[in-house]
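Any read-out appearing in this document is the output of simple, stated calculations on the displayed coordinates, not a laboratory observation. Note that the structure is a prediction, hence the values are computed from the model and not measured. Every residue, glycine among them, receives a Cβ derived from its backbone with ideal geometry; neighbour counts consider all protein chains shown.
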């Protein structure tokens, strides 16, 4: 399995598109246990217009979505199945520790806690400049596309 995945391959795996595609590149994959993605946060992100006009910060729910998408990429790669998608089931132990602002580069680190044939529970952590910005435990399952 390749240790990097570029945006064109990510777009083949995930159905998300701008403005909801929140992973730009995968920079590390360690078997079935760990994946690291990158998201470059620009001043042009549409959510900054309203969150918040004089102090733009990335909404926490989108940080969770970035973790879920990165974990979903790992689940899809290791499943070897086609025509399936990861679906979010649960989000637990969420903590926001630092604001993510325009110009930040998010390092999205996912560590698998429990992997089954059709589901995964993982810990997601987002770092900016080596500082923990947010973290959560997320469970996703694989389901048929369009179901």
Worksheet item: Which residue pairs have Cβ atoms closer than 6 Å, lie 6 or more positions apart in sequence or on different chains, and pair a first residue in region 97-114 that is on the phi < 0 side of the Ramachandran plot and without any contact (Cβ under 8 Å) to a residue 60 or more places away in the chain with a second residue that is in a loop (DSSP other than H, G, I, E, B) and surrounded by fewer than 20 Cβ atoms within 10 Å (Cβ to Cβ)?
Response: 99/57
Item to complete: Kindly indicate which of 64, 108 is under 19 Å from residue 32 (Cα atoms), in contact with a strand residue (DSSP E or B) (Cβ under 8 Å, 6 or more places away or on another chain) and crowded, with 16+ Cβ neighbours inside 10 Å.
Response: 108
Practice prompt. Can you give me the number of residues within region 71-85 that are over 24 Å from residue 47 (Cα atoms) and in contact with a strand residue (DSSP E or B) (Cβ under 9 Å, 6 or more places away or on another chain)?
Written response: 10
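Each row is one residue, and each column tells you yes or no for (1) in contact with a helix residue (DSSP H, G or I) (Cβ under 9 Å, 6 or more places away or on another chain); (2) outside any loop (DSSP other than H, G, I, E, B).
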position	(1), (2)
66	no, yes
85	yes, yes
91	yes, yes
103	no, no
133	yes, yes
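In region 42-61, what count of residues is obtained for those that are touching a strand residue (DSSP E or B) at 6+ places or on another chain (Cβ under 6 Å) and either more than 29 Å from residue 119 (Cβ to Cβ) or assigned to a loop (DSSP other than H, G, I, E, B) (or both)? Full working, then the answer.
Of region 42-61, the ones touching a strand residue (DSSP E or B) at 6+ places or on another chain (Cβ under 6 Å) are 60.
After this cut, where a residue has to be either more than 29 Å from residue 119 (Cβ to Cβ) or assigned to a loop (DSSP other than H, G, I, E, B) (or both) as well, the list is none.
Number satisfying all stated conditions: 0.
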Worksheet entry | Filter result (more than 24 Å from residue 15 (Cα to Cα) and part of a strand (DSSP E or B)) within region 112-131 | 113, 114, 127, 128, 131
Worksheet item: With (1) more than 21 Å from residue 100 (Cα to Cα); (2) surrounded by fewer than 19 Cβ atoms within 10 Å (Cβ to Cβ); (3) under 17 Å from the mean Cα position of the chain (by Cα) as the list, and residue 29 as the residue in question, which single condition is left unmet?
Response: (2)
